[in-house]
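Peer 1: Before we start, here is the structure in question, set down as structure tokens.
The values are calculated or read from the model by the stated rules, or taken from the named source; none is laboratory data. Since the structure is predicted, the reported quantities are computational estimates derived from the model, not experimental observations. Cβ placement follows ideal geometry from the backbone for every residue including glycine, while neighbour counts extend to all protein chains displayed. Keep in mind that these areas ignore ligands, DNA and RNA; they rest on the heavy atoms of the full protein, side chains included. Shrake-Rupley method; radii C 1.70, N 1.55, O 1.52, S 1.80 Å.
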Amino acid sequence: MVKLLENQVAIITGAGRGIGRETALMFAEHGAKVVVADLDAEPAMEVVAEIKKIGSATIQFCGSVTEPEFGKQVVEAAISAFGRLDILVNNADYCADFLLHKMTDEAFNAILDIHLVAPSD
Ligand SMILES: NC(=O)c1ccc[n+]([C@@H]2O[C@H](COP(=O)([O-])OP(=O)(O)OC[C@H]3O[C@@H](n4cnc5c(N)ncnc54)[C@H](O)[C@@H]3O)[C@@H](O)[C@H]2O)c1
């Protein structure tokens with residue numbers, strides 16, 4: 001198999017589940033060193049364990065992308081562990097499954113925070 005991401009370092013947010021998890025495993029199979037970032041430590045640790053089985057280097061980073069210091073801290077963690085950063089996958093999601101006109105202001109603002117504010121920080 002041709003490894004397309006050999007020695008590249010990637011941060012993937014929301015990598016504990018779903019699309020983020022599958023992206024993390026695929027990146028690792030292609031030789032990337034992956035920072036598995038997620039709000040929930042437990043699923044993130046499981047992904048880290050799977051990546052280690054694949055044979056790629058990886059670390060877990062636990063925190064919310066909506067925290068003001070998250071971006072700085074996760075980049076510092078990547079550089080500290082692997083000495084560089086090449087790829088950021090802004091994947092973390094909070095999805096309130098409501099119609100817009102039935103949504104509370106709190107739910108609406110939480111969606112704006114995670115989808116617009118956090119990735120632009
Ligand atoms: N699944 C779909 O059909 C679909 C379709 C279009 C777009 N998307 C987008 O793809 C992305 C992933 O979707 P998914 O279905 O895999 O989601 P998912 O719910 O399966 O996984 C999301 C992950 O993000 C983590 N997360 C949630 N809030 C977080 C926060 N504040 N900080 C850090 N991590 C946080 C969760 O713990 C979870 O592990 C989302 O951005 C979603 O909007 C998904």
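Peer 1: What part of the accessible area of the stretch 9-93, given as a whole %, is carbon or sulfur when the probe is 1.4 angstrom?
Peer 2: Looking at the stretch 9-93 in its full context, I get 53 percent from C and S.
Peer 1: Moving on. Would you look at the GNM of the chain, springs on alpha carbons closer than 10 Å, and say which of Ile12, Ile59, Ile111 moves the most?
Peer 2: Ile111
Peer 1: Among 29-35, 18-24, what's the highest-first ranking by average C-beta atoms within 10 angstrom per residue?
Peer 2: 29-35, 18-24
Peer 1: Sticking with this one: When DSSP beta bridges are limited to those with both residues in the chain, what percentage is antiparallel, rounded to the nearest 5?
Peer 2: Antiparallel: roughly 0 percent of the beta bridges in the chain.
Peer 1: How tilted is helix 41-54 with respect to the longest principal axis of the chain? Cα atoms for both, answer in degrees (0 to 90, nearest 10).
Peer 2: 30 degrees
Peer 1: Taking 0.36 nm per intervening residue step and subtracting the Cα-Cα distance, what contour gain separates Ser64 from Leu4 on full extension?
Peer 2: So the chain would gain 18.7 nm between Ser64 and Leu4.
Peer 1: Could I ask something else about it? Summing -39500 (n - 2.57) over the DSSP H runs of n ≥ 4 in the chain and dividing by its residue number, what mean residue ellipticity at 222 nm do you reach, to the nearest 500 deg cm²/dmol? Write out the running numbers ahead of the final one.
Peer 2: Working: 4 runs with 47 residues, N = 121.
Calculated mean residue ellipticity at 222 nm is -12000 deg cm²/dmol.
Peer 1: Where in the stretch 52-116 are there GluC sites (Glu not before Pro) that are in a DSSP coil and have at most 11 other Cβ atoms within 10 angstrom of their Cβ?
Peer 2: Details: sites: Glu69, Glu76, Glu106; in loops: Glu69.
Qualifying residues, ordered by number: Glu69.
Peer 1: Please calculate how many Å² of accessible area the chain carries per residue, with a 1.4 Å probe and no DNA, RNA or ligand atoms counted.
Peer 2: Values: 7240 Å² over 121 residues.
Value for the chain: 60 Å² per residue.
Peer 1: Related question: Take Asp121, project a point 7 Å from its Cα along the Cβ direction, then tell me which residues of the stretch 13-43 have their backbone nitrogen under 14 Å from it.
Peer 2: The answer is 13-14, 38-39, whose backbone nitrogens lie closer than 14 Å to the label point.
Peer 1: Turning to a different aspect of this structure: Which longest run of the chain has no exposed loop site in it, a site being chymotrypsin sites (Phe, Trp or Tyr not before Pro) in a DSSP loop with at most 16 other beta carbons within 10 Å, and the site itself not part of the run?
Peer 2: Longest run free of exposed loop sites: 1-93.
Peer 1: Near Cys95, within a Cβ-to-Cβ distance under 14 Å, what is the net charge of the other residues, with Lys and Arg +1 and Asp and Glu -1?
Peer 2: -2
Peer 1: Further question on the same structure: Among the trypsin sites (Lys or Arg not before Pro) in the stretch 41-87, which ones are in a DSSP loop with at most 16 other Cβ atoms within 10 Å of the Cβ? Mind listing them?
Peer 2: Within the stretch 41-87, the qualifying trypsin sites (Lys or Arg not before Pro) (loop, at most 16 other Cβ atoms within 10 Å) are Arg84.
Peer 1: Turning to a different aspect of this structure: What is the helix-to-structure angle for 18-29, meaning the angle in degrees between its Cα long axis and the longest Cα principal axis of the chain, kept from 0 to 90 and rounded to the nearest 10?
Peer 2: Approximately 10 degrees, to the nearest ten.
Peer 1: Shape call for the stretch 9-93 from the C-alpha gyration tensor, a ≥ b ≥ c root eigenvalues: rounded (a/c under 1.5), prolate (a/b greater than b/c) or oblate?
Peer 2: oblate
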